[in-house]
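Note sheet for the following structure.
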Amino acid sequence: MFSWEYMGGLLLVGWRTSCVHGLPREDQVPEGSTGLAEGAQFAAGGRTSDRIRNLLIPSPSFERAPGPRVRTRHPRATPGQEHAPSFPAAAPPGRLGRMTVDALTDVAGLRVGHATRRGEGWLTGTTVVLAPPGGAVAAVDVRGGGPGTKETDALDPRNLVRTVEAVVLTGGSAYGLDAASGVMAWLEEQGRGIRVGPRPGEVVPVVPAACVFDLGRGGDFRARPDAATGRQAVEAAAASEPGGRIAQGCVGAGTGAVVGSVKGGVGTASTVLASGVTVAALVVANAAGSAVDPATGVLYGEVLQGRVEYPAPRVHQAARRRLAEVAAHRTTPPLNTTLAVVATDAALSKAQAQKLAGTAHDGIARAVRPVHLLNDGDTVFALATGARPLDAERPLVLNDVLAAGADTVTRAIVNAVRAAESVDGPGGVWPAYEELYGPR
C-alpha cells in the first residue's frame, strides 16, 4: 500500500513494503525468498503469489445441502452451522507476522458467531461480533439511502456511550432487528453493559444493529430472524475459540445476501501494519450494485488488488447468458444493503473511530458499482479495542489505519462473493460467481 504524509506543505508518497494487504513484512517472508523482490512479485500476482495462495486456499469439494439448492464447497462447519461455507486458512506460524487467519478475529478479543436458517422457506440469518468484556470503542457511518439500524445515534461522538459489547448484523430487513433483543438478553445475563445501578445485574447493554434486505428469498416472506436467532448467534460467538476462523459465504447475515445478479454473503479479511497494529473487516455483501465488471467478468475488488486473471471470453459470454436468463425471471426490484464491521486493536477515540468507519466506505465503493444508492442501506461500524496506543505526537499515524480499513473492506467483499454458493429455490435463483467463472 502507499503511505501518505504531509511535511512542510509537500505531499510525500512512499511505498510501504511492510504492509500489502496483510502480506509478510520484509523480515517475515518465507525462507528462500528475495525480500523486496519477493514482496513485489507477491503484490503483482506473480508465481510467488500463486505458491503462497496455494497454501492459504483449501481445495474445493462439493456437497448437496437440504432446502434451496445450494452448492457448498467447504463442508467443514462449526456446531449449528451445517453446510457453512469456506474458512480462510491459517498462515504458516511465525512467518506472516501476527495475522493468523486473515479475519476479523485477528483483532485480539473479538469473536464472531453466526446463526443460519435455510430450507422450508428460510434463507436468512444473523451474525454477531462480540467485543471483549468491558466493550470496545464504537462508531458508525451510514451512507445508504434506505438503512435499517438500531442504536446508531448512541454512537455519535457527541453522545454519552463510548463502548459497546456487541454489534449485530442481520437479515430480515427491519423485522430482523429483533435479533438484537436476544443479544441484549444474553449480555444482561452476563452482567455486561452500561452500569445503571449498584447491583451487578443492573446494566443496560448497548447493542448497535443493522439489517440487510433478504425477505422472501427462501420462499417465505415471514421467515426472518428474531430474538432467538440473535441469541443463537451471540452464544456461538461466546463459544468460539479466540482468534478462530470465521465461516464465510452463505452463512449468518449473508445467508440470503445477493450482490447485483450473483450470490453474496459474509466475507472477512485482515492486515498487520508496520507499527504492529492490526486492522480487520467483516462484511455482509448484499448490494444493489454489481461486484462484477460487465465488460470482462472480473471482480472490481480484485482489479484494485493488482492480482487479476481475466476470464476467457467464452467463459464470460456464457456467464452473461446465464445471468440474463436468471434476470428474465426476476420480477422484484433489488432492495439491498452492504454492512461492514471494521476493527482495530489501536486505541482510538470515538471521533477517530467514526473517521475509520467513514473511510471504510471507500472500500465498498472500490468493490461494488454503483454504491450508496437510495435502495441500499450501506452501513459501516468501527470497533477499537485499544490494546495498542497510537503516538499522540504524530496524529497522521491514524492515516495508515484509515487506509487499511478501506483496503480490508474491499478484500472482504471479494472473499464474500467468491465464498458464496449458488441458490436455486422457491424464492429465486442466484448463481455463484465461482460457478460462473471458476475459482481463483
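What follows draws every value from the coordinates through simple rules; no lab data is involved. Just so you know, these numbers come straight off a predicted model, no measurement behind them. Note: ideal-geometry Cβ built from the backbone for every residue, glycine included; neighbour counts use all protein chains shown.
Placing unit charges on C-beta atoms (Lys and Arg positive, Asp and Glu negative, everything else neutral), compute the dipole magnitude of the stretch 105-209 about its Cα centre in debye, rounded to 20.
Dipole size: approximately 100 debye.
Give a quick list of GluC sites (Glu not before Pro) in the stretch 289-331 that DSSP marks as loop, anything other than H, G, I, E or B, with at most 13 other Cβ atoms within 10 Å.
GLU309
Kindly provide the GluC sites (Glu not before Pro) of the stretch 173-249 that DSSP labels as loop, not H, G, I, E or B, and whose Cβ sees at most 16 other Cβ atoms within 10 Å.
GLU202
Would you work out the charge dipole size for the stretch 192-276 about its Cα centre, treating the Cβ of every Lys and Arg as +1 and the Cβ of every Asp and Glu as -1, and quote it to the nearest 20 debye?
So the magnitude is around 80 debye.
Send over the Kirkwood Rh of the stretch 334-387, from the inverse of the averaged 1/r over different Cα pairs, rounded to one decimal Å.
11.8 Å
Could you tell me which residue out of THR344, LEU323, PRO370 lies farthest along the dipole of the stretch 236-373 toward its positive end? Charges go on the beta carbon: Lys and Arg +1, Asp and Glu -1, centred on the Cα centre.
LEU323
By what distance, in whole Å, do the Cα atoms of the stretch 332-438 stretch along each of the three principal axes, largest value first?
Here the spans come out as 57, 31, 21 Å, largest first.
Any chance you could get the radius of gyration and Dmax over the Cα atoms of the stretch 206-250, in Å?
Reported Rg and Dmax, both Å: 13.2, 36.
Only sites in a loop by DSSP and with at most 11 other Cβ atoms within 10 Å count here; which trypsin sites (Lys or Arg not before Pro) in the stretch 132-240 make the cut?
Answer by residue number: ARG158, ARG222.
Considering only LEU169, VAL183, THR152, whose Cα is most displaced toward the positive end of the charge dipole of the stretch 114-183, charges sitting on Cβ of Lys, Arg (+1) and Asp, Glu (-1)?
Working it through, the farthest residue towards the positive pole turns out to be LEU169.
Can you tell me the dipole magnitude for the stretch 228-373 around its Cα centre, using point charges on the Cβ only (Lys, Arg +1; Asp, Glu -1), in Debye to the nearest 20?
400 debye
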